[in-house]
Structures are given as structure tokens and as C-alpha cells.
Amino acid sequence: MPCRAALAVFVLSCNILWAQAQRASQTPRQALIQIFTTGDLLNHLPEATRAALEKSGSASSLMFPAMQLQAMSKGMQIFPAGSVLLSVTQPTGDKFQVNIDRDDFTGDHDQMELSVHTFKSGEEQPLGGITPRLTLGMMLEHGTWRIQQVGFNIGVKLDDPEFLNNLIKTASQHASLGDETTAISTVRRMIAAERFYRTAHPERGYTCSLRDLVGARGASSPNTAALDPALASGQAGSYSYTLSACGSAPAASFQLLAVPSRPGIRAFCADQTGTIKSSRVDAAADCLNSGTALESHPSSRVRVEN
């Protein structure tokens, strides 16, 4: 009987060792492939991490949605060797690909660097000199490769032509937005200045003189930012400003037009109602009639006393 018990223990020990050896024979790459093909990320996390997730009740949230995996698997191709880990082909023919750029496999630790690439009509689509990369630190724990550390970084090739073009385009867009914002603010303050001028000079009413408007701001509106003195010449920043349609004194109306000196940005206009409108530069002359009111900006409307 003792011999039979010892034999049973020996056989059981051999089975356990064989199972562990089978699990340990899985490579880090195969572990990643298993995650993508089965969606089972939880079993490839450190045991301490799994225990914390299970204790918090959020372990199930790490399982990839079954429907999403099923949809991806239809166009997914796994590569057990080589620089490409997997690719997913969309019904449109576009392809998403994950490459293994670096795999430092030493003992029970592995450092793997992955990069993302997109293809359209068989040609890789440049990302403007930007390359997103994912770094995975993996360790062998109880015969299973587990993801111990995750890092994400974006590499930028500063002399890439597309990156430089995007840089110039972005800078130009920011400059345009800044010019428009400044123009709207100036128009808003000019409307307020007209109101204060009319209050200070009831016998004249509104004014069509930019010089009068600039000169009246300091004394009549201490709580509102003063107009740029350069505005008296009709030019301030990237915009030229004109006042018209005041009529005979006391003027009961005025029209204000702000036209940019460079293309690609909007013109602005307003009148005694206090509503600011915008239009294309080539339609600036008809801005008050066909322009679009800046209704999304409550401060673009200034209440003017009659």
C-alpha cells in the first residue's frame, strides 16, 4: 500500500510538472496572440493585479467584448513569426497593422515594442511623421506570460515633410483664429463706444468718425477696455475698419465693417442693433444683409440704447 501511494504521488507530480512545462513553453508573442484571439486579458495580468481587480469587482470589465472580437476576427490575420504581429482588414479594404519593432527576450522577462500602421489601397498612410508606439514589459509567472508594465509614446520625425506641412498649417489656423477673435472683440468694443458716444453727444448721435470714437472711449467707458489708438487710421492688426450710414445729426444709426487684409479668415459687421455678423471676405459688402449672426457667442450681441 505505501508503494502504491508513493507511485500515485509520483504520477501526480509528473502530471503537474508536465502541465507547467507546457504552459511555460508559450512565448510572450504567443501570449499576446492568445489575448487578441480569445479576449482573455485577465489571465495574462500579474496575479496580484488580478486579485485586486477581482476584489474590487471590476475584473469582468477587462474582458474584450465578444461581439467586437468576433467582428475583428473576420478580417484579422495573425502572424506567429516575423515583424508583423497581426493585421485587421476592414470591409472597405483598409488595413490596420501592428508590428513588433523590438523584442528583448531574456529568461523570464521580455520587453516588446509595438508600432501601429494603417494602409489604404495597399499603400501605407503616413501619419505626418508621427509614429504611435506601445511598449510592453512581460514576465513569466507560474508558467504563464503576464503583462507587467505598459507604456505608450509617440515618436515624431521633425524633418518629415508632411509633419512640417501640418505644422505650418496648424500655426496658420491658430493665427487665423487669433485674428478673428481679436476682430470680434474690437467690433464689440466699437459698438459699446458708439453707445457711449451717443450718450455723451445727444445732439450728434452716433458717429462715423473712427477718430472721434477712439478719442471718446477713455472718459466715457472706464469699465470697458479702450480701443486701440491705431484704429483711428482705420487699420488695426489684420483688419481694416470702417463706419458708415450715420445720416444727419442726430444720427440714429451706423454701420460697422471689419475686413481682413489676408485671405482665409472672415469679415465681420454690425449696426446700431448690436448684432455682430460674419461673412466671407468676397461678400463683406453685403455682410449686414446676408451675413451669419454669431448666435453661438452670447457676448457678440451688445444692447444699444435708442
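Tabulated results
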| quantity | calculated |
| --- | --- |
| Subset of segment 254-271 that is touching a helix residue (DSSP H, G or I) at 6+ places or on another chain (Cβ under 7 Å) and part of a loop (DSSP other than H, G, I, E, B) - its residue that is surrounded by the fewest Cβ atoms within 10 Å (Cβ to Cβ) | Pro263 |
| The one condition in (1) of a type in the set (A, V, I, L, M, F, W, C); (2) surrounded by fewer than 15 Cβ atoms within 10 Å (Cβ to Cβ); (3) touching a helix residue (DSSP H, G or I) at 6+ places or on another chain (Cβ under 9 Å) that Leu85 fails to fulfil | (2) |
| Qualifying positions in segment 94-104 - in contact (Cβ under 8 Å) with a residue 24 or more places away in the chain and over 28 Å from the mean Cα position of the chain (by Cα) | Asp103 |
| Number of positions in segment 135-150 that are more than 27 Å from the chain's Cα centre (by Cα), part of a strand (DSSP E or B) and not aromatic (Phe, Trp, Tyr) | 9 |
| Filtered residues of segment 227-248 (kept if among the hydrophobic types (A, V, I, L, M, F, W, C), surrounded by fewer than 20 Cβ atoms within 10 Å (Cβ to Cβ) and at pLDDT 90 or above) | Leu243, Ala245 |
| Matching entry among Phe119, Phe96, Phe152, Phe163 (being out of contact with any helix residue (DSSP H, G or I) (no Cβ under 6 Å at 6 or more places or on another chain), surrounded by fewer than 12 Cβ atoms within 10 Å (Cβ to Cβ), at pLDDT below 90 and aromatic (Phe, Trp, Tyr)) | Phe152 |
| Qualifying residue in segment 196-210 (condition: in contact with a Pro (Cβ under 7 Å, 6 or more places away or on another chain), surrounded by 14 or more Cβ atoms within 10 Å (Cβ to Cβ) and either assigned to a loop (DSSP other than H, G, I, E, B) or modelled with pLDDT under 90 (or both)) | yes |
| Close pairs (6 angstrom Cβ cut-off, 6 or more residues apart or separate chains): closer than 14 Å to Ala31 by Cβ and assigned by TED's automatic domain parsing to the domain that holds Thr106 in segment 137-156, aromatic (Phe, Trp, Tyr) and part of a strand (DSSP E or B) anywhere | Met138/Trp145 |
| Filter result for Pro222 (assigned by TED's automatic domain parsing to the domain that holds Leu294, at pLDDT 90 or above and of a type outside the set (Asp, Glu)) | no |
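Listed here are the residues, each with its yes/no results for (1) under 23 Å from the mean Cα position of the chain (by Cα); (2) of a type in the set (Gly, Ala, Ser).
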position	(1), (2)
Thr92	no, no
Gly107	no, yes
Met112	no, no
Phe119	yes, no
Glu123	no, no
Ile130	yes, no
Arg133	yes, no
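The values are calculated or read from the model by the stated rules, or taken from the named source; none is laboratory data. All values reported here derive from a predicted model rather than from experimental measurement. For neighbour counting, all protein chains shown are included, and Cβ atoms are generated from backbone atoms with ideal geometry for every residue, glycine included.
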